[in-house]
Amino acid sequence: MLVPARPPRRKAIRLPQDAYRTPGLAFLVTFNLARGARSLASLPLSRIAQGTFAKATEVVPCDLFTWCVMPDHVHAVLAARAGSSVVTWVQTYKGLVTREARRAGCAIEWQRSFHDRAIRNGDVRGAALYTLLNPVRAGLVERWEDWPLHGSLEWDLSIWE
């Protein structure tokens with residue numbers, strides 16, 4: 001009797017959940033809009049996305065080192081604080097942006113998941129610079145300081161200019 005072969009198991013895309021709850025372990029996270037949409041290029045929606053970082057961090061306490069809103073995705077460098085999770089923060093942020101967008105009469109749809117990279121070598125500043133330089137690499141501005149949709153809740157970025 002032939003037994004049907006099992007399909008290969010998909011590789012897990014996430015670290016163990018405890019890693020995302022480790023206070024001080026920083027992550028570079030990237031979350032995209034669904035189906036290649038560029039909704040964040042619209043000023044009302046980009047401002048909503050920009051204004052939601054602090055709100056999400058109030059709900060899910062994290063150290064938010066840098067963030068950058070691009071036309072079709074968002075980057076953030078953050079670390080969980082005690083009792084919180086980076087995964088929960090991302091879910092909260094996306095949910096808050098979606099609700100605020102609906103209230104403003106805008107539509108936004110996120111991809112289901114997100115990409116993350118743990119910053120194990122402690123180079124949080126390097127990850128932050130990568131995030132801030134994203135609009136330069138995309139050809140949107142010549143200097144990261146000229147991109148209006150970036151910031152930090154932990155650092156004074158003006159000293160980096």
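The values are calculated or read from the model by the stated rules, or taken from the named source; none is laboratory data. Predicted model, so just to flag it, every value in this text is computed and none were measured. Here Cβ is always computed from backbone atoms with ideal geometry, including for glycine, and neighbour counts include all displayed protein chains. Side chains are part of the model used for accessible areas, which takes the heavy atoms of the whole protein and leaves out ligands, DNA and RNA. Shrake-Rupley method; radii C 1.70, N 1.55, O 1.52, S 1.80 Å.
Quick look at the numbers
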| quantity | calculated |
| --- | --- |
| Solvent-accessible area, 1.4 Å probe, carbon plus sulfur percent, for the chain | 53 percent |
| Distance between region 50-89 and region 126-160 - C-alpha centres, whole angstrom | 16 Å |
| Rounded to whole Hz, the Karplus (6.51, -1.76, 1.60) HN-Hα couplings of region 131-139, x for glycine and proline | 5, 5, 7, 4, x, 5, 4, 7, x |
| Folded to 0 to 90 degrees: helix 86-103 orientation relative to the chain principal axis, Cα | 60 degrees |
| Ellipticity estimate at 222 nm from DSSP helix runs (n ≥ 4, -39,500 (n - 2.57)) divided over the chain, nearest 500 | -9500 deg cm²/dmol |
| Surface accessible to a 1.4 Å probe, GLU58 within the full protein complex, Å² | 150 Å² |
| Rounded accessible area per residue of the chain, 1.4 Å, Å² | 58 Å² |
| FRET efficiency estimate (nearest 0.05) - Cβ-Cβ, ASP18 to ALA104, R0 30 angstrom | 0.20 |
| Computed lengthening from GLU154 to ALA37, 0.36 nm per intervening residue step minus Cα-Cα distance | 39.1 nm |
| Cut-off of 10 Å, at most 13 other beta carbons, DSSP loop: longest stretch of the chain lacking such trypsin sites (Lys or Arg not before Pro) | 39-111 |
